[in-house]
Amino acid sequence: MISLLNQIILQIISLLPKKIVYVFAGKYVAGENINTLIEATKEMNNLGYDVTIDILGEHVKDRKLANEITNQYSDIYERIQLNNLKSNISLKPSHIGLDISYDYCLTNILKVAKIAKKYKNFLRIDMEDSKNTSNTIKLLNEAHKYYDNIGTVFQAYLVRTINDIKKLNYKNINYRLCKGIYNESSEISIKDKNDINDNYIKILEEGFKRNHYIGIATHDTKLLDRVYKLIKKYNIAKNQFEFQVLYGVPMHGWLEKHLNNGYKVRVYIPFGPDWYEYSIRRLKENPNIIWYILKNIFGYK
Ligand code: FDA
């Protein structure tokens, strides 16, 4: 029933003019250009939050475009430096060429990582759907041979993740842990929400024991309660983790609570002209986001 309703709402959204869709989607993106992005980043920094910047878009099949995006990412590091911003960058491998070829994508990642290194900054490779998981980990391991200022993301809904983090084998391991946004098959992923949360805690515990630096990326307040207990149980140092959230998602006092505890909080800010296509594609992949947005707009708990 819910999934039929999701499909109907999705159809309606797809028919609405872009301007109307922006009323809903705009809350979660920092506009279309670098100036609106810089403003949003400054605003977050002034509130005490670090930022990670993402240019919206994915699955680029054209080398010219993938080159342009790679250059844009490099330029953003310069803008971060010039504006004295507290921000790193998160990028999707398929945005800079993974759908074209693995080697080409690696070359582009190395280009961006080199600029990040020049500015003493950090690059995170977002994790896309499970078709790309092995290649993304391979990109990370390869790139790490040249640059240590690079990390990735692991998804708690994937059965393989606990083994993936155990296999990481280099200094300065730094990853974001999220639940996972894509629609994966039950053969490789956990479907039950409580089981995903249990697995999240299991992976986090394993990562902490191994002294990994972890970006704890969730808006789930029940999960955050469990994370706080874990941090207390093992007396985890404040410099071994940070909390991460998506721009615009209400957190009902949790961000202030994190800051008051002296914990670092990083806000993921996406921006760019591709916001419409990206938002619609995301909604198609995971129509449950529609309910998050409606819930947030009308303030339901
Ligand atoms: P849960 O799904 O239980 O959501 C808890 C509550 O948060 C919801 O009830 C809703 O109120 C709010 N909420 C969550 N997501 C929302 C959204 N998109 N819009 C509006 N409200 C929302 N995934 C991935 O596969 N690869 C990646 O690289 C990343 N990167 C990433 C970075 C950061 C900083 C975050 C916070 C998340 C990601 N994700 C991701 C997405 C992640 O996998 C997951 O799908 C969402 O964070 C939702 O899961 P929660 O843990 O928030 O819990």
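The values are calculated or read from the model by the stated rules, or taken from the named source; none is laboratory data. Fair warning: this is a prediction, and the values are worked out from it, not measured in the lab. Heads up, the Cβs are rebuilt from the backbone with ideal geometry, glycines too, and the neighbour counts pull from every protein chain shown. Remember, those area values only see protein heavy atoms, side chains included, never the ligands or the DNA or RNA. Shrake-Rupley method; radii C 1.70, N 1.55, O 1.52, S 1.80 Å.
A few points about this structure:
- For Asn84, the conditions (1) modelled with pLDDT of 95 or more; (2) at negative phi; (3) surrounded by fewer than 21 Cβ atoms within 10 Å (Cβ to Cβ) all hold with the exception of (2).
- Inter-residue pairs, beta-carbon under 7 Å, first at positive phi and in the stretch 170-183, second within 11 Å of the ligand (Cβ to nearest atom) and open to solvent by less than 30 Å² (accessible area, probe 1.4 Å), 6+ apart: Gly180/Gln155; Gly180/Ala156; Gly180/Tyr157; Gly180/Leu158
- Test: residue in the stretch 104-115 that is under 29 Å from Glu205 (Cβ atoms) and either of a type in the set (Val, Ile, Thr) or over 19 Å from the mean Cα position of the chain (by Cα) (or both): no
- When residues of the stretch 17-46 are limited to those that are open to solvent by 60 Å² or more (accessible area, probe 1.4 Å) and assigned to a loop (DSSP other than H, G, I, E, B), the one nearest to Phe122 (Cα to Cα): Asn33
- Of the set (1) among the β-branched types (Val, Ile, Thr); (2) at pLDDT 95 or above; (3) within 17 Å of the chain's Cα centre (by Cα), all apply to Val249 but (2).
- A single member of Glu58, Glu68 is more than 18 Å from Val265 (Cα to Cα), of a type in the set (D, E, K, R) and crowded, with 19+ Cβ neighbours inside 10 Å, and it is Glu58.
For (1) over 16 Å from Gly272 (Cβ atoms); (2) not charged (D, E, K, R), each residue gets a yes or a no:
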site: Thr36; (1), (2): no, yes
site: Leu56; (1), (2): no, yes
site: Thr70; (1), (2): no, yes
site: Asp75; (1), (2): no, no
site: Asp99; (1), (2): yes, no
site: Ile109; (1), (2): yes, yes
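- Test: residue in the stretch 130-144 that is open to solvent by less than 10 Å² (accessible area, probe 1.4 Å) and under 30 Å from Leu47 (Cα atoms): no
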